[in-house]
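*Asks:* Quick one: the structure is below, questions incoming.
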Amino acid sequence: MKTLAHISDIHFGRDQPDVTEACIRDVVAAKPDIVINSGDFTQRARRAQYAKAREFMAKFPTPQICVPGNHDIPLYDVIRRFFFPLTRYRKYITADLRPFYKDDHVAILGMNTARSWTWKWNGFWKDGRISPEQLLDVKLRFCELPPDVFKIVVTHHPFIPPPKERPHGIVHGAFEALDMMEDCGVDMVLAGHLHMGYSGDVRTHHEGIKRSIISVQAGTAISNRRRGNEPNAYNLITLNPNQVTITVRAWNGSAFDTHIVTHYARIEGIWQREG
Ligand SMILES: [Fe+2]
Ligand SMILES: [Fe+2]
């Protein structure tokens with residue numbers, strides 16, 4: 001069994017010090033085997049915000065798999081935005097934009113979906129993208145691994161929308177990426193960006209994908225950019241080859257505690273939600 005702490009959207013610059021301290025205590029106490037951060041480390045990609053984000057991540061055990069979010073690219077400084085978009089991310093968080101971890105039980109690949117160019121199309125922003133070269137990474141990293149190694153891809157932008165909401169924020173190139181993940185036996189995708197915690201089977205949103213892959217979204221762990229009634233939260237995910245438990249640990253006003261627990265069991269290749 002492996003335990004992952006899945007943290008996202010910490011947005012330093014909009015962080016809340018009491019929530020931050022409590023989050024650090026809670027994650028450390030959980031003793032995760034691996035720590036994931038699915039991006040938006042900062043609010044505006046400023047040096048001081050990155051320095052705090054680095055300090056925050058240094059409190060947690062390694063290995064860590066981190067990917068940048070759209071907020072980790074400067075917004076107003078157009079020179080930086082278009083010519084050096086992730087220079088500060090690489091300096092303060094990690095120089096590795098294709099992070100990969102593997103042991104006998106689990107393999108995790110991080111993919112950068114944040115882009116300098118954003119555009120409005122059909123009434124919603126498409127601001128994250130997976131490139132054809134990144135699909136090759138999925139192939140190279142996963143296709144040769146045995147089926148009993150649990151395979152996970154981490155992105156900032158999501159693969160499925162929140163339940164009962166119109167599709168928005170879905171990463172561009174999701175179908176092509178899932179098609180490759182299906183071929184290479186990926187079991188789970190982890191992301192953030194929408195500041196809402198939820199999970200589901202990618203097939204509910206992507207007709208044509210036959211492999212059952214769980215998509216897990218984390219809320220904003222420590223920032224005041226909460227959406228509606230969503231609390232500050234992160235996920236503790238325990239993995240067994242055919243059993244997954246997602247425990248949402250949420251801020252209750254004085255500490256983080258268990259908010260929602262969801263179990264999935266894989267029966268004949270299909271992830272079935274049990275609660
Ligand atoms: Fe965010
Ligand atoms: Fe984001």
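The values are calculated or read from the model by the stated rules, or taken from the named source; none is laboratory data. Quick caveat, the model's predicted, so the values are computed rather than measured. So basically every Cβ, Gly included, is an ideal-geometry build from the backbone, and we count neighbours across all protein chains shown. In case anyone asks, the SASA skips ligands and DNA or RNA and just uses the protein heavy atoms, side chains included. Shrake-Rupley method; radii C 1.70, N 1.55, O 1.52, S 1.80 Å.
*Asks:* Once label points are set 7 Å from the Cα along Cα→Cβ at both T87 and N224, what is their separation, rounded to one decimal in nm?
*Replies:* That separation, rounded to one decimal, is 3.1 nm.
*Asks:* Using the crude model of +1 on Lys and Arg Cβ and -1 on Asp and Glu Cβ, and no other charge, please compute the dipole size for the stretch 86-186 relative to its Cα centre, in debye to 20. Kindly include the intermediate steps, with their values, before the conclusion.
*Replies:* On the way: 14 positive and 13 negative charges, 145 e Å.
Rounded to the nearest 20 debye, it is 700 debye.
*Asks:* Determine the sum of side-chain charges near L236: Lys and Arg each +1, Asp and Glu each -1, restricted to other residues whose C-beta is under 15 angstrom from that of L236. Each step should come with its number before you reach the end.
*Replies:* Values: positive: K2, R25, K31, R249; negative: D26, D33, D257.
Charge balance near L236 sits at +1.
*Asks:* With +1 on each Lys and Arg Cβ and -1 on each Asp and Glu Cβ, how big is the dipole of the stretch 1-90 about its Cα centre, in debye rounded to the nearest 20? Please list the in-between numbers first.
*Replies:* Details: 14 positive and 10 negative charges, 75 e Å.
Charge dipole, the stretch 1-90, about its Cα centre: 360 debye, nearest 20.
*Asks:* Quote the relative contact order of the stretch 131-245 in percent (integer), defining contacts as alpha-carbon pairs under 8 Å separated by 6+ residues. Show your work: numbers first, answer last.
*Replies:* Working: 190 pairs, mean separation 27.3, N = 115.
For the stretch 131-245, the relative contact order is 24 percent.
*Asks:* DSSP beta bridges in the stretch 140-262, what fraction antiparallel, as a percent rounded to 5? Can you show the working numbers first?
*Replies:* On the way: 18 of 25 bridges.
So the antiparallel bridges in the stretch 140-262 amount to around 70 percent.
*Asks:* Considering the options I34, I270, Y76, tell which one lies farthest towards the positive end of the dipole of the chain, charges being +1 on Lys and Arg and -1 on Asp and Glu at the Cβ, about the Cα centre.
*Replies:* After comparing all options, I get Y76.
*Asks:* So which of K2/K151; K2/K52; K102/K151; K2/K31; K31/K59 end up more than 18 Å apart, counting from Cα to Cα? Write out the running numbers ahead of the final one.
*Replies:* Values: K2/K151 12 Å; K2/K52 28 Å; K102/K151 9 Å; K2/K31 11 Å; K31/K59 12 Å.
Cα-Cα > 18 Å for K2/K52; rest within.
*Asks:* Here is a further query. What fraction of the DSSP beta bridges in the chain is antiparallel, stated in percent and rounded to the nearest 5? Display every interim value, and only then the final one.
*Replies:* Numbers: 38 of 59 bridges.
Counting only bridges with both partners in the chain, antiparallel ones make up about 65 percent.
*Asks:* Under 12 Å from the Cβ of P63, count the other residues' Cβ atoms, weight Lys and Arg +1, Asp and Glu -1, and hand me the total. Kindly include the intermediate steps, with their values, before the conclusion.
*Replies:* Details: positive: K2, K102; negative: D33, D96, D103.
Computed value for this residue: -1.
*Asks:* Also, quick follow-up: Take the solvent-accessible surface of the protein heavy atoms, probe 1.4 Å, and return the percent of it on the chain that carbon and sulfur atoms account for. Before the final figure, lay out the partial values.
*Replies:* Details: 6340 of 12370 Å².
That fraction is 51 percent.
*Asks:* Can you tell me the relative contact order of the chain? Whole percent, Cα pairs under 8 Å, sequence separation 6 or more. Mind dumping the intermediate values first?
*Replies:* Details: 661 pairs, mean separation 52.9, N = 275.
This gives 19 percent for the chain.
*Asks:* Applying a 10 Å radius around every beta-carbon, put 157-164, 102-109, 192-199 in order of their mean neighbour count, most first.
*Replies:* Numbers: 157-164: 19.9, 102-109: 17.2, 192-199: 24.9.
Result, highest mean first: 192-199, 157-164, 102-109.
*Asks:* Give the long-range amide H neighbours of A107: residues separated by 5 or more places, or on another chain, with amide H under 5 Å away, using H modelled in the peptide plane at 1.01 Å from N.
*Replies:* It is F150, K151, I152, by chain and number.
*Asks:* Label-point separation (nm) for V261 and C143, each offset 7 Å from Cα along Cα-to-Cβ?
*Replies:* Between V261 and C143, the simple spin-label model gives 4.0 nm.
*Asks:* A further question on this structure: Once you've got the GNM for the chain with C-alpha springs shorter than 10 Å, pick whichever of D77, D187, D201 has the biggest mean-square fluctuation.
*Replies:* Maximum fluctuation in the GNM of the chain, among the listed residues, is at D77.
*Asks:* If packing is taken as the average count of other Cβ atoms within 10 Å, what order do 147-153, 68-74 fall into, highest mean first?
*Replies:* Ranking the peptides 147-153, 68-74 by packing returns 68-74, 147-153.
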